[in-house]
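Chemist: Structure incoming, see below.
The values are calculated or read from the model by the stated rules, or taken from the named source; none is laboratory data. Worth saying up front: this structure is predicted, and the values here are computed from it rather than measured. Note: areas computed on protein heavy atoms with side chains; ligands, DNA, RNA excluded. Shrake-Rupley method; radii C 1.70, N 1.55, O 1.52, S 1.80 Å.
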Amino acid sequence: MGLEKEKADARIFMDEDEFNRSSAPMLTEKTYECPPDRDPHDLNGHLMLSFEDVIAEPASTHSLDKVWICSTAVYEVSKYVLYKLLTALLAIPLAFVIGLLFAVLSCLHIWVVMPFVRTCLMVLPSVQAIWKGITDSLVAPVFASMGRCFASVNVRVDQPF
C-alpha cells in the first residue's frame, strides 16, 4: 500500500544505524527481519489491488496530474484506514464465529458422518448379497425370456432404388 511503502521508505532513510559516522568502512550489511507471511498459501492474492488496477485512464484522456496523485493518495489511505478499522471491529467476532462453525462441522464429521459411513460400508456386503439374490431370482429370468423371444426376430432393411 502507499502509506506503508512511504513509511518503509522513510524508515530506510532515517534509520540511524544506516549512516556510518566513522571513517572505517562497514564490514557487515544491516539485515532487516522480514515480517511473517500471513498468507503463505496465497489464498487472497487476488485482493492485492493498487489504484491503477481499479482506476485506469487511457492514453487519450488524462486528468490533471495533481488530481491523479491526490485521488491515488485518497484511495490508498482510505483503503488502509478502513481495512484497519473494519478488522479492528470485525476480526475478533468473525474469528469466534468461524472457529465455532469449524468446531461444529468437525464434531459432526467425527461423531455423526464418519460413523454413519462406516456403518453403511459394514452393512453394504449383506445388502449387496440380498440385492444380488433378488435380481437373480426375479429380474434375470424375465430378461432371459425376453432375450429368447427376440432372438428369432430378423430385421431386414431394403434400400429403395
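Chemist: Could you give the length gained on full extension between VAL113 and LEU94, defined as 0.36 nm per residue of separation minus the Cα-Cα distance, in nm? It would help to have the intermediate numbers written out before the result.
Modeler: On the way: separation 19, 0.36 × 19 = 6.84 nm, distance 2.61 nm.
My answer for the length gained is 4.2 nm.
Chemist: Translational diffusion coefficient of segment 26-161 at 10 °C, 1.306 mPa s, Stokes-Einstein with Kirkwood Rh over Cα pairs, in µm²/s as a whole number. Could the numbers behind the result be given before it?
Modeler: Values: Rh = 25.0 Å.
Calculated translational D: 64 µm²/s.
Chemist: Report D for segment 94-161 in µm² per second (integer): Stokes-Einstein, Kirkwood Rh on Cα pairs, 25 °C, 0.890 mPa s.
Modeler: On the way: Rh = 17.6 Å.
Once the numbers are plugged in, D ends up at 139 µm²/s.
Chemist: Quick check on segment 52-109: what does the Kirkwood estimate of hydrodynamic radius come out to from the alpha carbon pairs, in Å?
Modeler: Details: mean 1/r = 0.0671 Å⁻¹.
It is 14.9 Å.
Chemist: Here is a further query. Residues of segment 47-117: accessible area per residue at 1.4 Å, in Å²? Spell out each step's value before the answer.
Modeler: Numbers: 5890 Å² over 71 residues.
It amounts to 83 Å² per residue over segment 47-117.
Chemist: Using 0.36 nm per residue, how much length does the chain from TRP68 to ILE134 gain when fully extended, once their Cα-Cα distance is taken away? The partial results should precede the final answer.
Modeler: Details: separation 66, 0.36 × 66 = 23.76 nm, distance 7.81 nm.
Length difference between fully extended and current span is 15.9 nm.
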